[in-house]
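Structure record follows, encoded as structure tokens.
The values are calculated or read from the model by the stated rules, or taken from the named source; none is laboratory data. Everything numeric in this text was worked out from a predicted model, so none of it was measured. As a convention, Cβ positions derive from the backbone with ideal geometry for all residues, glycine included, and neighbour counts pool all protein chains shown. Remember, those area values only see protein heavy atoms, side chains included, never the ligands or the DNA or RNA. Shrake-Rupley method; radii C 1.70, N 1.55, O 1.52, S 1.80 Å.
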Amino acid sequence: MENCVFCKIVNKEIPAKIVYEDELIMAFHDIRPQAKVHVLIIPKEHIPNNLYFEGKHKTLIGHLMLKANEIAKILGIAETGFRLIVNTGKDSGQEVFHVHWHLLGGEPLGKLICK
Ligand code: 5GP
Ligand code: ZN
């Protein structure tokens, strides 16, 4: 997808601090971390957000969830705990329209929502 910053990261057109990659997904550090550890986990396929998942993506979604645990272990935050967030649409504040899981941890994260 042209002009998608995460597709550009997938295609190695712009740099990112990659922590995990396989044929389906990639995980890299967020450029503006909002916790001690803040990594984004994305499918390599360009899917704008959660609403665009279809039945054919079931395996991919399961893969993302299972790998999130593995990535949390790689980052050393599995034991102490972490949070996964998937912003979807305007009210969530979604900025990048290539679906991604925010993986946050490394310190107490406070309340789920702050306005
Ligand atoms: P959203 O608000 O869409 O859920 O989150 C998008 C996230 O992508 C933000 O936390 C933002 O800091 C991160 N981000 C935006 N552009 C880049 C980039 O070029 N590289 C990296 N590593 N993260 C980015
Ligand atoms: Zn994309």
Return yes or no: is N69 more than 20 Å from L109 (Cβ to Cβ) and among the polar types (S, T, N, Q)? no
Within the stretch 66-83, the count of residues that are part of a helix (DSSP H, G or I) and in contact with a Leu (Cβ under 8 Å, 6 or more places away or on another chain) comes to 4
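Answer yes if at least one residue in the stretch 3-14 is away from ligand 2 (no atom under 14 Å from the Cβ) and within 29 Å of P108 (Cα to Cα), and no otherwise. First the steps, then the outcome.
Within the stretch 3-14, the subset away from ligand 2 (no atom under 14 Å from the Cβ) is none.
No, that holds for no residue.
So, of the residues in the stretch 17-34 that are assigned to a loop (DSSP other than H, G, I, E, B) and among the acidic types (D, E), which turns out to be most open to solvent (accessible area, probe 1.4 Å)?
In the first step, residues of the stretch 17-34 are kept if they are assigned to a loop (DSSP other than H, G, I, E, B); the result is 17, 22-24, 30-34.
If we keep only those that are among the acidic types (D, E) as well, we get 22-23, 30.
Working: D22: 24, E23: 142, D30: 29 Å².
Ranking the qualifying residues of the stretch 17-34, first place goes to E23.
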Residue pairs, Cβ under 7 Å, 6 or more apart or interchain, first in the stretch 82-99 and aromatic (F, W, Y), second more than 7 Å from ligand 1 (Cβ to nearest atom). List them. F82/A72; F82/L103; F82/L104; F82/G105; F97/P48; F97/N49
Conditions: (1) away from ligand 1 (no atom under 14 Å from the Cβ); (2) aliphatic (A, V, I, L, M); (3) closer than 22 Å to D22 by Cβ; (4) open to solvent by 50 Å² or more (accessible area, probe 1.4 Å). L84 meets all but one. Number of the miss? (1)
Among the numbered criteria (1) more than 12 Å from ligand 1 (Cβ to nearest atom); (2) open to solvent by 60 Å² or more (accessible area, probe 1.4 Å), which single criterion is violated by E13? (1)
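Could you look through the stretch 90-107, keep only residues that are among the charged types (D, E, K, R) and assigned to a loop (DSSP other than H, G, I, E, B), and pick out the one that is surrounded by the most Cβ atoms within 10 Å (Cβ to Cβ)?
Of the stretch 90-107, the ones among the charged types (D, E, K, R) are 90-91, 95, 107.
Those still in the list that are assigned to a loop (DSSP other than H, G, I, E, B) too: 95, 107.
On the way: E95: 7, E107: 12.
By that ranking, first place goes to E107.
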Complete set of residues in the stretch 56-75 that are exposed (fewer than 13 other Cβ atoms within 10 Å of the Cβ) and touching a residue at least 24 places away in the same chain (Cβ under 8 Å): E70
